[in-house]
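The block underneath contains the structure these notes are about, expressed in structure tokens.
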Amino acid sequence: MKALACMTAALLLGPLAASGQPRIRAGEVPDVGVVEQVGRSLPLDAELRDEQGRSIRLGSLFDRAVILLFVYFRCPAICRPLMQELARTLDRIEGLDPGRQYRVVVISFDPKETPEVARTTKGEIVGTMKRPVPPDAFSFLTGDQETVQRLTEAAGFHYAYDEKTDSFLHASSLIFVTREGRIVRYIGGLEFLPAQVKMAILDAMEGRERTVMQTMERLCFAYDPEGRSYVFALNRLILGATAVLVVGFAGWLIVSRRRRGSGGEQ
């Protein structure tokens, strides 16, 4: 019964969790898109530049779980909404604080962007948050093309430069990484559920890798901070079952009315 309920939740909530992401077949390397590399480690020896223009080794930021984003700062259509939505979502997560249990690391894949642009963007994004945020909770980094491509390829993040518009074609994704630099989770799209992001942060903190089906299954469970484990959430089962019944009943009413209408015309 639990398995059936979880499959129902996956059907209901899966489209929201995966919205905005292109579907990539296993083994296929696209020009643009995200091929999940769960279990793979990032090259933490990569040297980048922080918002002050200082050289920084990526691994120095991985003293705790990390939410990693690849963006380019001047992108208004995808990257800006992605960063703003993440900031809004993190504001709504209780029990986990940026700068304490996890960091947010944002890396520009445009080699022409400078630390000055990174610093301005950081101020604009972090400045929208309602909760106090330590200065080192968010890092906005830039780097040369070779270094950034090394990182994006390790993460399975594929993008393409469009010379005609001087812009980049790319997808959007949050990548959740352990303190050792191992990828455990991806969340695509431009809208996030706070509970969904919180689960992914907890996975990164605990080093638990999640496949797509395991991610959907976890929507049926709640985290117990005292026992440091997940327990079956009856309320989610009830919500999923109720939604299915409501949709099914509405569909039955529509079909019944159409049949009666057709019968009356004959």
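The condition of being over 21 Å from the mean Cα position of the chain (by Cα) and within 18 Å of residue 70 (Cβ to Cβ) holds for only one of 163, 153, 146, that being 146. Restricting the search to strands (runs of 3 or more DSSP E) fully inside region 157-266 and requiring at least 3 residues that are at pLDDT below 95 and at negative phi gives 160-162, 167-169, 221-224, 229-232. Scanning region 160-180 for residues that are closer than 25 Å to residue 61 by Cα and surrounded by fewer than 19 Cβ atoms within 10 Å (Cβ to Cβ) yields 179, 180. Taken over region 65-88, the residue count meeting the criterion of being in contact with a Ser or Thr (Cβ under 7 Å, 6 or more places away or on another chain) and of a type in the set (Val, Ile, Thr) is 2.
Does any residue of region 115-129 turn out to be among the small types (Gly, Ala, Ser), farther than 30 Å from residue 208 by Cα and touching a strand residue (DSSP E or B) at 6+ places or on another chain (Cβ under 6 Å)? The answer is yes; a qualifying residue exists. Per the listing 119, 92, 150, 103, the residue uniquely more than 30 Å from residue 207 (Cβ to Cβ) and either surrounded by 18 or more Cβ atoms within 10 Å (Cβ to Cβ) or touching a residue at least 40 places away in the same chain (Cβ under 8 Å) (or both) is 119. All conditions in (1) part of a loop (DSSP other than H, G, I, E, B); (2) modelled with pLDDT under 95 hold for residue 113, with the sole exception of (2).
Applying a threshold of 6 Å to beta carbon distances and a minimum spacing of six or more residues, or different chains, the list of pairs starting in region 161-182 at a residue that is touching a residue at least 60 places away in the same chain (Cβ under 8 Å) and ending at one that is of a type in the set (Ser, Thr, Tyr) reads 168/72; 168/159; 168/161; 170/159; 173/186; 175/186; 181/41; 182/41. Taken residue by residue, region 128-136 has at least one member that is under 25 Å from residue 101 (Cα atoms), surrounded by 18 or more Cβ atoms within 10 Å (Cβ to Cβ), in the same structural domain as residue 91 (by TED's automatic domain parsing) and modelled with pLDDT under 95. Only one of the numbered conditions (1) more than 26 Å from residue 167 (Cα to Cα); (2) modelled with pLDDT under 95; (3) assigned by TED's automatic domain parsing to the domain that holds residue 176 is violated by residue 66, and that is (2). How about region 112-148: which of its residues are touching a Phe, Trp or Tyr at 6+ places or on another chain (Cβ under 8 Å) and within 15 Å of residue 58 (Cβ to Cβ)? Passing the criteria: 118, 140, 148. Suppose we filter region 46-90 for residues that are in a helix (DSSP H, G or I) and of a type in the set (D, E, K, R); how many remain? Of the residues in region 46-90, 3 are in a helix (DSSP H, G or I) and of a type in the set (D, E, K, R).
The values are calculated or read from the model by the stated rules, or taken from the named source; none is laboratory data. Keep in mind that what you see is a predicted model, and the values were worked out from it rather than measured. Every residue, glycine as well, gets a Cβ built from its backbone with ideal geometry; the counts of neighbours run over all protein chains shown.
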